[in-house]
Amino acid sequence: MFFSGSESPAKRGQKVIGEVYYFEENPMLDCNQFVINDRKTGELALFDSGNGISLKSLFEGMKTLGLNYQNITKVYLTHEHVDHVLGLYPLMNILKNNPPELHAYGETAKILREGDESKIFPGNLGISPKMFGLEINPLAINELDINEPIQIGSEISFQVYYTPGHSLGSISYYEPNKKILIPGDLVFTGGSFGRYDFPGGSLGALIESIKFVNELDVKYLLPGHMGISDNGNQQIDYSYKMVQSLKNYF
Ligand SMILES: [Zn+2]
């Protein structure tokens, strides 16, 4: 069902650093995705699942870089929104014989466990799961602990930070040695930042969260939309200045 019809062009992918790969979002309500390869075991960790429709093109993109989607053993989510989580449903179906562990934090974990459609499709976007050809079912989710780093292979260890403002379940993944930040929709390149007008969003919280990640040492900024950057701190600082200027209007 998901893969029928027209062909999906491969998601454009590239190596960021070491075994960290970036796959660019498709044009329609999709998100950037990141794959980390544990070279020793061959297991793959996937960050965010995209909108589901884009899953085939992710797999194609992975193939061009020598990565096999059947080796995805863990999925880490940045937050609960449709363009980041909808791909979980077809993914779990495709990998049902060897299902990956799904990891999320707080509100995101709760929403996915309950299959709460109204929170996955926020506010007034005017879209529904049917338009994506799928049904929202409760999922088994592993709760992330902000005190427990995520080890991927021998070289990568992500710290999880709770960074609300775009949504209640928003987190950022930070790798201090490689200086990688995966902030979901908190902060983007080019001075942009996440929307705060969805239910659970807050401009004040967004500003605080951007301020927090701005104090981390970030080289590789790998956000949920738009481009990535290897000049992370400068990009985050630019967004921080932009979002602060908004504060003065309200
Ligand atoms: Zn979002």
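One line per residue, one yes/no per condition, for (1) buried (at least 24 other Cβ atoms within 10 Å of the Cβ); (2) among the polar types (S, T, N, Q); (3) not in a loop (DSSP other than H, G, I, E, B):
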residue: GLU60; (1), (2), (3): no, no, yes
residue: HIS79; (1), (2), (3): yes, no, no
residue: PRO90; (1), (2), (3): no, no, yes
residue: ASN93; (1), (2), (3): no, yes, yes
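Checked against the criteria, VAL243 does not count as surrounded by 19 or more Cβ atoms within 10 Å (Cβ to Cβ), of a type in the set (A, V, I, L, M, F, W, C) and within 17 Å of the chain's Cα centre (by Cα). I want to confirm something. Restricting to segment 190-225 and keeping residues that are within 16 Å of the ligand (Cβ to nearest atom), in a loop (DSSP other than H, G, I, E, B) and free of Cβ contacts under 8 Å to residues at least 60 places away in the same chain, which single residue is surrounded by the most Cβ atoms within 10 Å (Cβ to Cβ)? Among residues in segment 190-225 that are within 16 Å of the ligand (Cβ to nearest atom), in a loop (DSSP other than H, G, I, E, B) and free of Cβ contacts under 8 Å to residues at least 60 places away in the same chain, the one surrounded by the most Cβ atoms within 10 Å (Cβ to Cβ) is GLY194. Selection of first residues in segment 39-51 that are within 19 Å of GLY224 (Cα to Cα) and of second residues that are of a type outside the set (A, V, I, L, M, F, W, C) and part of a loop (DSSP other than H, G, I, E, B), restricted to Cβ pairs under 6 Å at least 6 apart or on distinct chains, gives the following pairs, ordered by first then second residue: ASP48/THR78; SER49/GLY87; GLY50/ASP30; GLY50/GLY87; ASN51/ASP30. Does at least one position in segment 62-72 carry a residue that is charged (D, E, K, R), within 16 Å of the ligand (Cβ to nearest atom) and either buried (at least 20 other Cβ atoms within 10 Å of the Cβ) or in a helix (DSSP H, G or I) (or both)? The answer is no, given that none of the residues of segment 62-72 is charged (D, E, K, R), within 16 Å of the ligand (Cβ to nearest atom) and either buried (at least 20 other Cβ atoms within 10 Å of the Cβ) or in a helix (DSSP H, G or I) (or both).
Only one entry of THR108, THR64 meets the criterion of being over 23 Å from VAL160 (Cα atoms) and of a type in the set (Ser, Thr, Tyr), and that entry is THR64. Inspection of segment 34-49 identifies no residue that is under 25 Å from GLN151 (Cα atoms), more than 16 Å from the ligand (Cβ to nearest atom), aromatic (Phe, Trp, Tyr) and crowded, with 24+ Cβ neighbours inside 10 Å. For PRO122, the stated conditions hold: it is within 13 Å of the ligand (Cβ to nearest atom) and either surrounded by 20 or more Cβ atoms within 10 Å (Cβ to Cβ) or modelled with pLDDT under 95 (or both).
The values are calculated or read from the model by the stated rules, or taken from the named source; none is laboratory data. Nothing here was measured: the structure is a model prediction, and the numbers come from that model. FYI the Cβ positions are ideal-geometry reconstructions off the backbone, even for glycines, and counts take in every protein chain you see.
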